[in-house]
Each structure stands twice: as C-alpha cells, then as structure tokens.
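Following: one structure in structure tokens, then a few remarks.
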Amino acid sequence: MTDQPPKTRVVILGGGTAGWMTAAALINQLGQSCDVRLLESEEIGIVGVGEATLPHIRYFVEALGIDEADFVKATHATFKLGIEFHDFGKIGTRYLHPFGSFGAPLKDVPFHHYWLRLHSERRGGEIWDSSICNVMSERKRFLPPKDIALYNYAYQFDATLFGPYLRELSIARGAVRTEGKVVDVGVDPETGNVTALTMESGERVEGDLFVDCSGFRALLIGQTLKEQWEDWSHWLPCDRAVAMPCTSPPGGIEPYTRAHAMTAGWRWRIPLQHRVGNGYVYSSAHISDQDAADALVAAVESTPMADPRVLRFRAGRRKRSWSKNVVAIGLASGFLEPLESTSIYLVQGAIAQLIELFPIGAVRDEDRDAFNRSVDVEYDRIRDFLILHYHATERNDSSFWNHVRTMDVPDSLHEKMELWRRSGRVAKYSQGLFFEPSWVAVYLGQGVIPEGWDQRADVDDAQALEGAVERMLAQISTAVDGMPDHAEFIRARNASIDAPA
Amino acid sequence: MTSGRAIRSIAVAGGGIVGLSAALAFARALPGTRVTVIETTPDPAALADVLPTLHPMAARFHGLVGVDKAELVSSGIATHHLATRFEHWSAPGQPWVHAFGAYGKPAGVIPFDQIWVRAHRAGQALDYDRYSVGAELARNGKFVHPAKDPDFTGSRFAYGLRVDPEHYRAHVRKPASDVAFVEADIGEVERREDGGIAALTLTDGLRLEADLFIDCTGPGARLISLLEDSFEDWSAWMPFDRLALESVPGDGMPATSDRITAEADGWTIEWPLRGRTLVGRVGPQGTDITRGRRLRPWVHNVLAIGDSATALDPLHGYQLALAQNAILLALELLPGRDFASVETDEYNRRAEQVTRRVRDFLALHYLRSGVWRELASVEPPDSLAETLDHYEHRGRLPYHEEEIVSRDSWTAALLGLGVVPRHDDPQSISVPLEQSVPAMQRLADEIRDIVAGLPSYGAYLAHVAR
C-alpha cells in the first residue's frame with residue numbers, strides 16, 4: 001500500500017494557547033498527512049492559561065525547531081527551577097518542589113532514605129540543601145544543566161505572547177487561519193460525526209477531524225456531542241481566580257514560581273522579564289470575589305499594572321476527550337488549577353497522543369480509546385498530586401483548610417500516602433507526571449514524615465554517612481558558586497541575539 | 001523507626017540458581033541479616049534453575065551482587081549470547097535472527113522499523129535483521145564488545161550470557177559470613193497468626209525461624225502455596241507442556257547465537273555452551289512444565305521468586321531475567337517485618353506489570369506463527385490483542401509501564417513473524433524513500449564491514465583465556 005490516502009482535513013476551533021500549540025505541532029509533525037485550519041475570533045477572549053510551565057515545554061519548543069534564546073526574548077520569559085510553596089503544610093513553612101532530585105542514590109537506594117534515617121538521629125541537616133535547584137533558587141542563580149539527570153528547568157513566560165508566537169510560526173509553515181465566530185455545527189445524522197462548521201460570514205468549513213480548543217465553552221465536545229463532565233470540585237474546591245499583573249520589584253528575578261497558601265486557596269507569583277504575574281485561586285464557597293481581590297491587592301509586593309480580573313472554572317475532566325471525530329484539547333477537555341503549572345503540559349500531552357494516534361482514514365474506536373485512556377491517566381495522576389497539597393496540612397485557620405484537611409481523598413491517593421507513611425516509598429509510575437522527587441518534596445515539605453525507610457539505609461555508619469552528605473552538599477554549593485545571576489544570564493542572552501552575527 | 005521493624009533473618013527455600021541469587025543479593029544489600037539457604041531437592045521443572053540464558057539486563061544484577069562477568073567467561077562458565085536464530089517458525093516466512101539491542105537507526109522521532117516497513121513494501125529493503133549489528137555478528141560467528149561511542153554503529157547492540165547452569169550455580173553459591181547453607185528438605189511448617197510462616201522444621205530436625213521466607217522451590221511453590229492458591233493459567237497461549245533437556249558434546253567452538261527450530265508438535269532449541277551443547281526439546285515428552293503466574297507472589301512474609309511466582313516455557317529464556325528483576329524489586333520495596341499489605345501490594349502490582357508483558361511477548365510467537373494452525377484461532381490476552389491491533393494498523397507499540405521487553409525485541413519478533421503494519425504511520429512519511437533507502441543501504445554496508453573485520457568468536461575466547 002504505497003499510495004497515500006488523501007490528506008486529512010483538520011479543523012481546530014479556538015485560537016488560544018491550546019489551539020495554536022495544536023496547530024503548530026500538527027503542521028510540524030504531520031504536515032504531509034494533514035491540512036490544518038484554525039478558526040478563531042478576535043471578539044472571544046482567551047483565558048491564556050499558565051504563565052508558568054514544566055520542563056516538558058522545552059522539548060515542545062525544541063521539536064518545532066525554535067531557537068531557545070529567540071523564544072525566551074520574544075515571550076519575555078524567565079527560567080524556572082521549581083515552585084516554592086509557602087504556608088501549605090503549616091503557616092510559616094516553605095519548601096521548593098524542584099525540577100531535579102534530592103541528592104543522588106547511594107548503592108541503589110534513593111538519597112531521601114538516608115536523609116530520613118539521619119534525620120531521625122537529628123543529623124543530616126535540611127534535605128532541601130541536597131537539591132541543586134533549591135540552592136540555585138535561594139541564590140537566584142541560573143545556568144542550563146550539562147545533563148538533565150542533574151536538574152532541569154522550564155520557562156515562565158507571557159502566555160498572551162506564546163499563542164501569537166506559535167500563530168506566526170504555524171501560518172508561515174502552512175496552517176490556515178480563519179477569523180470569525182462559528183454560528184452552526186453540522187453533524188452527520190447517521191454517524192454523529194461533525195461534518196462542518198458554519199461561520200458568521202456564511203462560509204462553511206468542512207473537515208475530517210475537529211479539534212475542540214474552544215475552552216470552557218466546549219462548543220463541539222460539550223455543546224454538540226454532549227460528552228459528560230466528571231466533576232472533581234469536592235476534592236479541589238477552588239473555582240475562581242483573580243489575576244493582577246504587577247511591576248517587577250527591584251532585587252533580581254527569582255528563577256522559580258511561588259505559591260502562597262491563602263485563607264481560601266492560594267496565590268501565585270510568577271516573575272517574568274518585564275513584570276510579575278499574580279493571582280489568587282480561591283473557592284467561591286469560602287470567600288467572596290471582593291474579599292479575594294482585596295486580599296490579592298494587599299499581598300502583592302509591587303505596583304499593580306491593571307485592575308484585578310476574575311476567571312471562573314471548575315476542576316474535572318471530560319469523561320471522553322475524544323468522541324466521534326472530535327478531539328478536545330485544553331480547557332474543553334478538562335481543568336486542573338495551576339498549582340503545579342500543569343495546564344500547558346496537559347495540552348502538550350494530548351497533542352503528543354493525538355499525533356501518535358492520528359487517524360489514517362476514518363477514526364477507529366481503538367485509537368480513540370487509547371487516547372482517552374492516556375488522557376485519563378494524566379489527569380488522574382495530577383489530580384492526586386494536587387489534592388495532596390491541600391490534604392497534607394495542619395492548617396485549621398479557616399473553613400476552607402478545615403474542609404480540605406478532613407475530606408476523604410481518592411483511594412488511589414490514600415494508598416500512595418499510606419505507602420509513604422510506612423517506609424518513605426513513592427508508588428512508582430513511569431507514565432504521566434510527577435515522579436519520586438516531586439512526591440518526596442511535597443510530603444516532606446508539608447510535614448508528612450514516614451515512620452520508616454529503606455532498611456538498606458541503616459547499613460552504613462551514621463558518621464561516615466553524614467560525612468558523605470556534607471561532601472555532597474559542599475559540591476552542590478561550589479557548583480552553584482560558579483553560576484551566573486539569573487537576571488544577568490537573561491540579559492546576556494538577550495543581548496547576544498541583538499548583537500549582529 | 002525502621003530499626004524496630006527491620007527484617008533480621010531470611011530463609012530461602014530452594015538451593016538452585018534462583019535461591020542462591022536471592023541469598024547473595026539479600027546478604028550483600030543487608031549485612032547483619034542472617035540468611036539461610038535450604039538446599040532442597042532440585043525440581044527439574046524449575047526452569048529458572050536449569051536454563052542457561054541470561055539477558056543483557058543481568059549485567060545490572062551482577063554488578064550489584066558482585067559477580068564479575070569477565071570472570072564468568074574466562075573461567076569457562078559463560079559464553080556470549082548475541083542472538084537467537086528462528087527457523088521454520090513462521091509458516092510462510094524466512095528464518096530470522098532475533099538479536100539483543102538495536103535494529104537500524106531511528107530518523108528523529110520515527111522508529112527504524114517504520115522506516116524499514118516503508119522501504120520493504122517498496123521492495124527496497126534487505127531483511128530486517130541485516131540492520132542489526134548483533135544479528136550480523138551472530139550470523140558470522142563473531143563477537144566484540146559494544147563500542148563506547150554511542151554515535152558509532154559498532155555501539156548499537158547488546159549481549160547477554162549463556163551460562164552452564166551447574167557451574168553458574170556453583171559460582172553464585174558464595175560462602176559469606178551471614179549466609180548459612182543447609183542441605184535438607186522441608187518438613188513441618190509452623191504458621192503465624194496473620195497467616196504467614198513462623199518457622200520450618202527441616203528433615204534433618206533443624207527448626208528454622210525467620211522474618212521473611214523466600215520461596216524459590218520452583219513451580220511446586222512449596223511454601224507460598226500453603227498460604228494461597230491463586231494461579232493464572234497461561235497454557236492456552238504457550239501450548240507445549242513438556243521439556244526434554246539433553247547434553248550433546250560440542251566441538252569447543254561455541255556460536256554466539258542459539259538456534260530454535262519449529263516442528264509439527266513442538267520446537268527445539270540449541271544452546272551452545274563451552275565444550276557442549278544443551279538441547280531443549282519443547283513438545284510431547286520430558287518434564288511437565290508450568291505456564292502461568294501466581295496472582296500474588298508476595299503474601300504476608302512469604303515471597304515467591306522464580307518459577308514459584310512466574311513460570312514460562314523456555315522461549316527467549318526470560319526465567320532468570322524475571323527472577324533477578326524480582327529480587328531487585330523486592331529489595332527496593334522491602335517491607336518491615338510486619339509486612340503491611342500496602343507494601344506487599346505495591347510489589348505485587350509492579351511485578352504483575354513486568355510479567356504480563358513477557359507473557360504477551362511469548363504468546364505472540366505462538367499465536368502468530370502459522371506453523372501450529374490450531375493456535376491461530378486462540379484469543380490473545382487483551383494487552384497483546386491491543387498491541388497487535390495497533391502494530392498491524394500502523395506500526396504503533398502501546399506503552400506499558402515496567403515493561404522489560406524492549407521495542408527492538410517486539411519489532412524483531414513481529415516483523416520476523418510477518419506481522420507487518422498495513423499503513424504507514426503519518427509521521428513516517430516525512431522521511432521519503434529517496435532519503436531512507438540509501439541511508440539504510442549505507443548502514444547495512446557499514447555493519448557488514450565492521451563485522452567482516454573482526455576475528456571469530458573462537459579467536460576472541462582464546463584471547464580472553466590467555
């Protein structure tokens with residue numbers, strides 16, 4: 001069968017971050033198999049999800065053949081080594097969830113087991129010092145790693161610039177953009193497939209495969225195909241955010257995102273090159289919009305650049321993100337609050353699966369099912385990890401924290417926490433997000449100290465072990481001494497682009 | 001505190017390769033823990049104790065327990081194993097060489113097998129195994145260690161070992177201060193209140209208490225079967241139920257590949273060892289062999305490893321790989337001596353993920369062979385059915401956590417069996433034939449030239465012995 005089937009006509013509805021990421025990736029990876037057309041309306045605003053990202057974004061950008069320095073400059077990006085959580089386990093505490101491990105395994109045993117043992121003997125210092133990301137963050141240093149086994153990084157960028165950046169790139173590579181609102185969705189009465197979208201102008205846009213990136217509106221997957229939404233707000237009650245950018249304060253740029261726990265949710269702080277993104281994610285059942293906005297204004301550390309703006313959402317996911325010939329990507333597919341900067345990652349994961357399972361001719365049930373299973377695994381695993389941030393707390397200072405502290409958690413999370421409490425072990429998964437160091441960070445950062453640890457960590461003499469740990473910490477500290485200041489690094493990079501070749 | 005719950009003593013039932021490997025690994029990882037090996041009468045059906053195949057992944061186990069690979073070879077216990085040649089296995093097809101390590105080179109994110117399939121359909125590809133360094137070495141009776149430079153084609157293969165089982169057993173039976181060996185059989189079994197085992201009385205009268213009992217007694221599973229009898233039968237997917245092993249004198253010039261030949265009522269494998277060839281005939285005669293797995297290999301304080309946990313026929317020789325994998329997993333997840341089910345459950349969950357895919361891989365060879373026609377109508381296990389569906393449709397291999405069968409192994413078997421994707425993956429057409437075909441030809445030439453310049457395996461061994 002050397003003859004190729006005709007090109008698949010892909011129609012993407014919605015030109016936000018998800019829509020243009022999908023367009024850019026499809027045109028790049030499957031340009032010879034599909035035509036990509038994106039419909040967007042300037043009248044419909046975008047939510048502009050996530051200014052903070054995870055390291056996976058680097059590979060997305062790289063696969064598109066984008067030069068990192070150019071990208072960082074264009075999106076006013078900064079580098080991110082992790083997220084610093086304040087006041088989550090207990091008011092007055094803080095910890096960094098790093099994009100890297102704690103120490104290095106010794107004799108096949110992860111470092112944190114040795115730390116747990118030393119800690120029980122009141123030795124070994126702080127585990128955070130064994131994370132190079134943490135030491136870099138404390139000192140506001142940044143340098144890309146020689147090897148991502150050492151640590152990794154992501155970007156904090158202006159999401160309203162990311163979409164347009166990809167739009168320009170996609171159109172240059174052959175994607176077709178159509179401006180206007182969709183007023184009618186044509187459905188084949190026999191198959192139930194979507195056949196065409198009719199624009200306000202009267203133009204009828206036909207397609208073989210439709211990607212619903214219309215956000216919470218979910219025009220195709222929800223309004224047209226009526227795919228059910230699985231609601232998770234009983235575990236993740238935050239349903240609104242109030243956002244307000246501020247000027248960059250003096251004193252350098254933090255190479256990390258901050259999350260401060262608040263009375264009825266938490267507040268993000270994302271430093272970009274030219275400003276700081278701030279927002280309060282809250283549960284409307286526990287605080288009013290006005291009180292949330294006031295709390296945000298009171299908490300920010302520099303001058304506001306705009307009035308507070310309220311966003312509404314609901315935690316959960318579509319029971320099936322791919323139904324008939326419609327694939328939902330982004331908010332039409334599901335929503336998890338940005339506590340761990342997962343929004344863009346989820347878009348990226350869905351795109352990768354769509355490319356891997358891209359229909360050859362008609363859509364097959366087997367491919368659809370495989371896609372939906374994969375989306376479910378991603379969402380379910382992130383969901384558990386997010387719930388942990390709320391549930392593992394001593395806070396009893398508000399009705400919000402009382403609720404999340406005492407609520408029943410999913411069985412899948414309960415088992416993971418039990419395993420950790422027994423012996424400091426993290427249930428192992430290799431699919432989806434958040435592996436051992438991430439869980440270790442949140443557990444220890446929020447005061448969940450296990451009763452035991454790997455028996456092999458008891459073998460060596462405590463003093464010898466402590467010496468080895470001290471040497472490792474000294475090595476980390478010396479390595480960071482040689483790294484440039486984060487803001488300096490960005491300035492130098494930007495300047496190198498402006499300089500003539 | 002862990003120290004309050006730490007395992008202080010371990011009894012290993014079974015003195016074959018598996019039991020001794022477990023004793024060695026636990027004693028080394030947990031000095032101060034008393035390990036007793038009960039060398040019970042060997043069970044010839046405990047295939048992990050009697051088969052010679054060690055997959056490349058054994059290197060990690062050997063490294064952790066301090067077994068020197070080079071010493072195994074220089075002392076004549078082991079030979080290098082690069083590949084297995086399958087003959088008459090695929091009814092319409094050609095013989096094929098199943099090698100360890102990579103086939104071809106991927107083009108960016110596009111796997112090599114998809115590139116090969118396109119060229120093959122256009123009649124412009126050599127046999128798939130011509131693009132494997134390991135297969136080419138094996139075909140020519142040669143051996144060399146993989147090159148260190150990952151960009152050099154001569155680095156793109158892997159090797160396992162073929163051990164003489166009795167000598168290898170003697171090698172891993174290392175005397176150590178914390179390990180005791182008792183030659184006896186199991187008499188009385190005393191139970192714990194929670195259902196576990198408190199102590200064994202051996203036939204020599206010794207009463208042996210332990211915190212943890214490791215059951216390496218073979219498919220009879222003499223300890224763990226007392227606790228729970230829950231077995232998943234795989235015989236529908238691995239239909240031949242007997243194995244006859246025979247030793248044939250060799251000419252002292254071992255090959256680097258095994259040979260498997262399919263026959264009407266079974267199949268034969270030849271393992272060339274130093275000075276002899278071990279021949280296994282899988283079919284109507286010989287020792288009964290079990291195929292299946294225990295649903296929970298870890299119950300209370302009893303852990304089954306080897307054929308007591310998962311039993312397979314000898315195809316691809318995954319027995320020891322699974323046993324070593326299980327030993328390392330048990331060490332990674334070693335519970336306290338109260339054996340909370342949340343801890344043993346995690347072991348059982350992960351162990352199941354590993355074994356299920358090995359089962360699928362073996363089942364593939366039978367259900368898609370075509371030699372045994374009655375098997376073509378057997379319904380595959382769900383996860384294999386999914387793999388077949390996606391591979392036959394467009395050359396996709398679904399991802400499975402904890403899988404130890406590599407993508408290269410899957411594609412070598414699938415394509416060897418003639419399971420060729422119907423469609424090109426849409427990503428793969430970005431590499432045009434005008435580009436891929438010459439690149440493939442250059443690669444095949446390069447592999448041929450690399451191998452042609454090497455001395456024979458016999459010469460290699462003579463050099464090592466010096």
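Here are some notes:
- Look at region B:260-273: where a residue is at positive phi and a partner is open to solvent by less than 30 Å² (accessible area, probe 1.4 Å) and of a type in the set (Phe, Trp, Tyr), sitting 6+ places away or on another chain with Cβ atoms under 7 Å, you get B:Gly266/B:Phe240.
- Residues of region B:420-466 satisfying the condition of being part of a loop (DSSP other than H, G, I, E, B), out of contact with any Leu (no Cβ under 7 Å at 6 or more places or on another chain) and within 27 Å of B:Arg394 (Cβ to Cβ): B:Val420, B:Pro421, B:Arg422, B:His423, B:Asp424, B:Asp425, B:Val431, B:Pro432
- Matching entry among B:Arg121, B:Arg130 (being among the basic types (Lys, Arg) and within 16 Å of B:Glu446 (Cα to Cα)): B:Arg130
- Which numbered condition B:Gly123 misses (of (1) assigned to a loop (DSSP other than H, G, I, E, B); (2) open to solvent by 60 Å² or more (accessible area, probe 1.4 Å); (3) modelled with pLDDT under 95): (3)
- Boolean, A:Glu190 is farther than 22 Å from A:Asn28 by Cα, open to solvent by 70 Å² or more (accessible area, probe 1.4 Å) and either of a type in the set (Ser, Thr, Tyr) or modelled with pLDDT of 95 or more (or both): yes
- Residue within region A:105-112 that is within 14 Å of another protein chain (Cβ to nearest Cβ), in a helix (DSSP H, G or I), in contact (Cβ under 8 Å) with a residue 12 or more places away in the chain and crowded, with 22+ Cβ neighbours inside 10 Å present: yes
- Scanning region A:34-48 for residues that are at pLDDT below 95 and buried (at least 23 other Cβ atoms within 10 Å of the Cβ) gives no hits.
- Exactly one residue out of A:Glu378, A:Glu415 is part of a helix (DSSP H, G or I), facing chain B (nearest Cβ under 10 Å), open to solvent by 10 Å² or more (accessible area, probe 1.4 Å) and not basic (Lys, Arg): that is A:Glu415.
- Wholly within region B:192-263, strands (runs of 3 or more DSSP E) carrying at least 1 residues that are at pLDDT below 95 and in contact with a Phe, Trp or Tyr (Cβ under 8 Å, 6 or more places away or on another chain): none
- Only residues that are more than 27 Å from A:Asn152 (Cα to Cα), hydroxyl-bearing (Ser, Thr, Tyr) and away from chain B (no Cβ under 14 Å) were counted across region A:10-61, and they come to 1.
- Some residue of region A:139-161 being part of a helix (DSSP H, G or I) and surrounded by fewer than 19 Cβ atoms within 10 Å (Cβ to Cβ): yes
- Lone qualifier among A:Arg383, A:Arg405, A:Arg364 - being more than 15 Å from A:His234 (Cβ to Cβ) and among the basic types (Lys, Arg): A:Arg364
- Residues considered: A:Ala293, A:Ala259, A:Ala285, A:Ala306. Of these, the only one that is open to solvent by less than 20 Å² (accessible area, probe 1.4 Å) and either on the phi > 0 side of the Ramachandran plot or outside any strand (DSSP E or B) (or both) is A:Ala293.
- Boolean, A:Ile476 is over 26 Å from the mean Cα position of the chain (by Cα), outside any loop (DSSP other than H, G, I, E, B), touching a residue at least 12 places away in the same chain (Cβ under 8 Å) and more than 10 Å from chain B (Cβ to nearest Cβ): yes
- Residues of region B:1-60 that are of a type in the set (S, T, N, Q) and either within 14 Å of chain A (Cβ to nearest Cβ) or assigned to a loop (DSSP other than H, G, I, E, B) (or both): B:Thr2, B:Ser3, B:Ser9, B:Thr33, B:Thr40, B:Thr41.
- Yes/no for A:Leu357 being surrounded by 18 or more Cβ atoms within 10 Å (Cβ to Cβ), away from chain B (no Cβ under 14 Å) and modelled with pLDDT of 95 or more: no
- Residue within region B:74-85 that is in contact with a strand residue (DSSP E or B) (Cβ under 7 Å, 6 or more places away or on another chain) and polar (S, T, N, Q) present: yes
- A:Val72 being outside any loop (DSSP other than H, G, I, E, B), closer than 26 Å to A:Glu138 by Cβ, of a type outside the set (Gly, Ala, Ser) and away from every other protein chain (no Cβ under 14 Å): yes
Listed here are the residues, each with its yes/no results for (1) surrounded by fewer than 22 Cβ atoms within 10 Å (Cβ to Cβ); (2) touching a Leu at 6+ places or on another chain (Cβ under 6 Å); (3) part of a loop (DSSP other than H, G, I, E, B); (4) within 14 Å of chain B (Cβ to nearest Cβ).
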site	(1), (2), (3), (4)
A:Asp397	yes, no, yes, no
A:Asp408	yes, no, yes, no
A:Val426	yes, no, yes, yes
A:Leu444	no, no, no, no
A:Pro450	yes, no, yes, yes
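- Some residue of region A:133-140 being touching a residue at least 40 places away in the same chain (Cβ under 8 Å), among the hydroxyl-bearing types (Ser, Thr, Tyr), in contact with a Gly (Cβ under 8 Å, 6 or more places away or on another chain) and at negative phi: yes
- Positions within region A:353-375 being assigned to a helix (DSSP H, G or I) and in contact (Cβ under 8 Å) with a residue 60 or more places away in the chain, in sequence order: A:Leu354, A:Ile355
The values are calculated or read from the model by the stated rules, or taken from the named source; none is laboratory data. Note that the structure is a prediction, hence the values are computed from the model and not measured. Note that we place each Cβ from the backbone using ideal geometry, even for glycine, and neighbour counts take in every protein chain shown. For the accessible areas, the whole protein counts, side chains as well, though only heavy atoms, and no ligand, DNA or RNA atoms are used. Shrake-Rupley method; radii C 1.70, N 1.55, O 1.52, S 1.80 Å.
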